[in-house]
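The numbers here are math on the coordinates, done by the rules we state, and not lab data. The model shown is predicted, which means the values in this text are computed figures rather than measured ones. Neighbour counts are summed over all protein chains in view; Cβ atoms, including those assigned to glycine, are modelled from backbone coordinates with ideal geometry.
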Amino acid sequence: MKVVLLAGGFGTRLSEETDIRPKPMVEIGGKPMLWHIMKEYAYYGHTEFIICAGYKQEYIKEWFANFFLHSSDVTFDYTQGRNDMQVHTSHCEPWKVTVVDTGYNTMTGGRIKRVEKYVGDEPFFMTYGDGVCDVNINDLLDFHRSHGKIATLTAVKLKQEKGVLNIGGDNAVKSFREKNMMDGAPINAGYMVLEPEIFKYLKDDTTVFEREPMEVLAAEGQLMSYIHNGFWQCMDNAREKELLEKLLATGNAPWKKWSKTMPKQA
């Protein structure tokens with residue numbers, strides 16, 4: 001199945017990085033966030049990607065244009081007055097990547113609509129280019145196929161940072177505890193599976209996917225949630241980038257499954 005990745009936003013909350021590149025191309029552990037997400041999907045055998053680019057889309061195209069060269073051992077031979085290049089060993093990923101300029105100010109739904117001709121009349125994955133997760137992609141796909149609806153999103157609960165107070169009628173604090181996962185409402189973590197019928201819900205470049213299309217899908221009973229109790233983390237600011245960097249540096253990155261053996265399907 002194809003994987004559609006939204007990578008066209010401005011990333012203003014990470015402006016110290018996104019002044020020169022799109023947020024999905026900000027590096028953690030020496031590789032762009034986009035690469036990490038693609039490695040997650042590739043681990044489960046999904047290696048055809050459609051990237052919805054926009055802001056500084058040329059940066060993404062140039063990175064992939066050089067990907068093979070930068071991932072290979074090469075000899076450059078100029079001794080005969082020519083620029084001869086010999087590739088010895090390539091460590092490049094076996095991916096097919098289509099980068100589409102979906103417009104500078106296009107909203108999320110409009111970006112998805114613009115890649116319809118590249119997706120074709122088939123189900124596809126869709127997620128955002130600024131967060132990583134350790135969800136089992138194949139279990140997510142099996143869940144989607146089991147219910148027959150148009151859309152499935154991955155829902156996660158985030159641990160809240162503030163403490164929980166039990167306050168009595170006299171304003172006295174009766175008890176205190178740290179918040180936990182159960183205190184938070186589920187949020188949309190992306191990592192969606194969509195049927196091709198989704199394109200009928202997308203009007204034009206002004207369509208915000210998370211608003212009218214998803215609201216209508218929910219009202220029609222066509223939107224299902226796959227509950228994920230594991231790891232998910234977006235990269236909206238410098239603090240979150242530092243967290244992801246630390247997890248990688250210490251060998252505790254839950255989304256980095258590609259160094260492990262692929263689990264057998266039941």
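Numerical summary
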{"read-out": "The chain - mean residue ellipticity at 222 nm from DSSP helices (-39,500 (n - 2.57) per run, n ≥ 4, rounded to 500)", "value": "-7000 deg cm²/dmol"}
{"read-out": "Full-extension gain in nm, residue 116 to residue 237, via 0.36 nm per residue minus C-alpha separation", "value": "40.5 nm"}
{"read-out": "Förster radius 45 Å - calculated FRET efficiency between residue 146 and residue 246, Cβ distance, rounded to 0.05", "value": "0.75"}
{"read-out": "Surrounding net charge for residue 2, when Lys and Arg each add one and Asp and Glu each subtract one, Cβ distance under 14 Å", "value": "-3"}
{"read-out": "Per-residue ³J(HN,Hα) for the stretch 199-206, Karplus 6.51 cos²θ - 1.76 cosθ + 1.60, θ = phi - 60°, Hz, x for Gly and Pro", "value": "5, 5, 8, 10, 8, 7, 5, 8"}
{"read-out": "Cα→Cβ-extended label distance, 7 Å offset, between residue 74 and residue 27, nm", "value": "1.8 nm"}
{"read-out": "Set 31/257; 61/203; 61/241 screened for pairs whose C-alpha atoms are more than 21 Å apart", "value": "61/203; 61/241"}
{"read-out": "Placed amide H near residue 2: partners under 5 Å, 5+ positions off or other chain", "value": "125"}
{"read-out": "Equivalent ellipsoid, the stretch 1-98 (semi-axes from 5 times Cα gyration tensor eigenvalues, Å)", "value": "28, 18, 12"}
{"read-out": "Spatial separation of Cα centroids for the stretch 39-102 and the stretch 181-247, in angstrom", "value": "28 Å"}
{"read-out": "Among beta bridges that DSSP assigns inside the chain, antiparallel share in %, nearest 5", "value": "50 percent"}
{"read-out": "Rg/Rh for the stretch 2-249, where both radii come from Cα atoms and Rh is the Kirkwood radius", "value": "1.05"}
{"read-out": "Under 15 Å from the residue 200 label point (7 Å along Cα→beta-carbon), backbone N, the stretch 98-122", "value": "121-122"}
{"read-out": "Peptides 56-62, 202-208, 248-254 ordered by average Cβ neighbours within 10 Å, highest first", "value": "56-62, 202-208, 248-254"}
{"read-out": "Least to most buried among 82, 114 (fewest other Cβ within 10 Å first)", "value": "82, 114"}
{"read-out": "Residue 66/residue 104 FRET efficiency (R0 30 Å; Cβ-Cβ; nearest 0.05)", "value": "0.80"}
